[in-house]
1. Select from segment 52-66 the residues that are touching a helix residue (DSSP H, G or I) at 6+ places or on another chain (Cβ under 6 Å) and either modelled with pLDDT under 80 or crowded, with 18+ Cβ neighbours inside 10 Å (or both) and list them in ascending order.
2. Of all residues in segment 107-123, count the ones that are among the hydrophobic types (A, V, I, L, M, F, W, C) and part of a loop (DSSP other than H, G, I, E, B).
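The values are calculated or read from the model by the stated rules, or taken from the named source; none is laboratory data. From a predicted model like this one, the values you see are computed outputs, not experimental measurements. Methodologically, a virtual Cβ is constructed for each residue, glycine included, from the backbone with ideal geometry; neighbour enumeration extends over all protein chains shown.
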Amino acid sequence: MNFMQTQPPAVRFLNTDILPLSSPRRPPEDGVATLLHRLGQPQVLERLLDTETTATFALRMKALSSSSGAEEDLYVRREGMDFEMGLVAPESSDETKPKLGVRYTVGERAPSSVYKTGPWIPHSSFDPAVGIAWGGTPAKARAQGAALARKIWEMFYLQNNNTDATLGRAIVCVEWAGMTSDDREKYEKWIAEIKQRDEKDIKEKKIEYEKLKAQIGVDGILADSFEDFKKTLLRCRAECGVAVATMQCGKCHFAKYCSAACQLDDWKYHKQYCGKEDTWDFSNEKFEDLLK
């Protein structure tokens, strides 16, 4: 399924034992399940979906920017059969009033069911943008879950090069009922290792940035590319072939010409832009050096 082309109501690319491709589309599972699966830690996904032997589950991932520029934390929690997920401000510890949220009740799994989880039944959503605070119809909650699934995909995949490492470094905490000390140590170590790799990546990128910065000319123009800009700036605007024009327009003091004849010939074009073009501050010594 190509997400960019089909824009499905919810996002899932999984075909695992616990969540086979043939299972019904369930928005909360779809977004979070895809996310957890891509982290390369299948046990975390299993604990989330295992309502029979895992009484509670909680996950928090730190803020990443969405397309709107806002930064939001993702939280996921389940207590028994009650499931909730949403987005909150990075500094907020209050998950009772998210920016966007959905609540589901996980139904009992029928003994004859071929699936490992029971039906996820929507019952309320939270969307302050439209004045809904934990309410609304089941249809609204399901739609909210689908919207949240798409948002998770956008925040944690499309804007982060679809890399598992980027996803992992965003984890703040993950825990569940019955989590052993060995499990806790394992995941704390895993998160710490990812953060160490992240710090190393940041240092390497900073070195690359400093190298690039050293090559940058004035106002962000690459020095290697400035020669072409300089030629364009100094040549006769009438395109007569003179590379270095010594006259300039008396009105805008920007367009350059090699002669009065060229200026007169070009006026029918230049008059549309005279005084409207971006000018450059040539008082800057670096500009003067580059123009020499």
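1. Once the filter is applied, which keeps residues that are touching a helix residue (DSSP H, G or I) at 6+ places or on another chain (Cβ under 6 Å) and either modelled with pLDDT under 80 or crowded, with 18+ Cβ neighbours inside 10 Å (or both), segment 52-66 yields 57, 64, 66.
2. Total satisfying the criteria: 2.
Quick grid of which residues meet (1) among the basic types (Lys, Arg); (2) modelled with pLDDT of 65 or more; (3) assigned to a helix (DSSP H, G or I):
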| site | (1), (2), (3) |
| --- | --- |
| 129 | no, yes, yes |
| 140 | yes, yes, yes |
| 150 | yes, yes, yes |
| 166 | no, no, yes |
| 187 | no, yes, yes |
| 193 | no, yes, yes |
| 207 | no, yes, yes |
